[in-house]
Structures are given as C-alpha cells and as structure tokens.
Amino acid sequence: MQRVLVMANPQPHLNNAQRYEKVIVLICPNCGKQVADGSAFCPSCGADLTRATSSQGLMLLTSNYAPGYKVDKVLGMVYGITVRSRGLGGNLMAGLRSIGGGEINEYTEMAHQARQQALDRLADHAKSMGANAVISVMFDSTEIGNTMDEIIAFGTAVVISRVDASQELVKLS
C-alpha cells in the first residue's frame, strides 16, 4: 500500500512552514484510489489491503546499477505482462468526456492499474528466480485491435549486496 503526503487545509494567516496541514493518504495498489487509513479492504475494488504488494522487499531500478550495492549474480531477463480493455460503459463515459477535452480519468486509472499489475508480475518472476533486485526496468505498450492494450514491464533480475566501506569502487571521469 502506498502512503502519500498531501498538503491540505491552507491557512493563509500562518507562515509557510505551518500554512498547510500534512495529511497521509493511502492509495490502493490495485485500483489507485484513495483509501481511509486503517482499512482492511479497498471500498472501490475490494482488494485486500493487508496483503503486501509483490515488489516489497525487492528493489526495482530503472538504472543499470544500484548505488551502494554490487551485483553478485545476474540471473537473466524478467518480465510482467498484462492485456487490458475498458468495458463498454467505461468506453462510453470516456467518449463523452473526450468531447469536452482534458484528462480522461477512466483511461488514466486503467493505465495505472495495468502498469502496477505488470510491475507486480515482473517482481513475482524475479523472486521466483531468486533475485533481490531488478535493474534496467522499463515499460513498453502495444495496442491490440482498437480496444485493448498490452503493457509489459521488463528488466534484468540480479542478486545484489551492500558494498563495504573498505571496498574501493572504480570512478569513471
């Protein structure tokens, strides 16, 4: 479950440091909607919020190295894939919303869910290989027909360990 710091309730008479109340908001990892703190289930999608997400305990990095760590073993390529389609009702609402312009929340939410599911599947794949990190993580997407999108997350599964202060690292200039 993702926790997000939100600045709310502006108080113009206070100084900048005290002007906003700091509120922690929980985000459902399944649907991306805001959830009340302490909830066991998401009221929107019914997801179990007590279960840890797949990527917990696993480093997912877009870079090809992890600062302060060394790669002990390269396990190979890992991926997570999902194909999503918005239902007829969602397409109808999105079509009506597109007439007015602006962000189409139905598709934004679907894209967020699809990317998270692809990342979770990538993490499951990496853990099944014995990895504790995935480096060079990237996304790709393809349209299938007019109504479906394939989203894939891929990277290189590795086993990493912390670098001791006594170990010297090579610096590239």
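The values are calculated or read from the model by the stated rules, or taken from the named source; none is laboratory data. As the structure is a prediction and not an experimental result, all values here were calculated from the model. Cβ: placed from backbone, ideal geometry, glycine included. Neighbour counts: every protein chain shown.
Looking at (1) among the aliphatic types (A, V, I, L, M); (2) at pLDDT below 85; (3) within 30 Å of Gln34 (Cβ to Cβ), find the lone condition where Ala165 falls short.
(3)
Looking at Ala123 and the list (1) touching a Phe, Trp or Tyr at 6+ places or on another chain (Cβ under 9 Å); (2) small (Gly, Ala, Ser); (3) modelled with pLDDT of 90 or more; (4) assigned to a helix (DSSP H, G or I), which single condition is not satisfied?
(1)
Here is a check on your reading of the model: is Gly101 modelled with pLDDT under 80, surrounded by fewer than 15 Cβ atoms within 10 Å (Cβ to Cβ) and in the same structural domain as Val158 (by TED's automatic domain parsing)? Outline the logic, then answer.
Details: modelled with pLDDT under 80: yes; surrounded by fewer than 15 Cβ atoms within 10 Å (Cβ to Cβ): yes; in the same structural domain as Val158 (by TED's automatic domain parsing): yes.
When the stated conditions are applied, Gly101 passes them.
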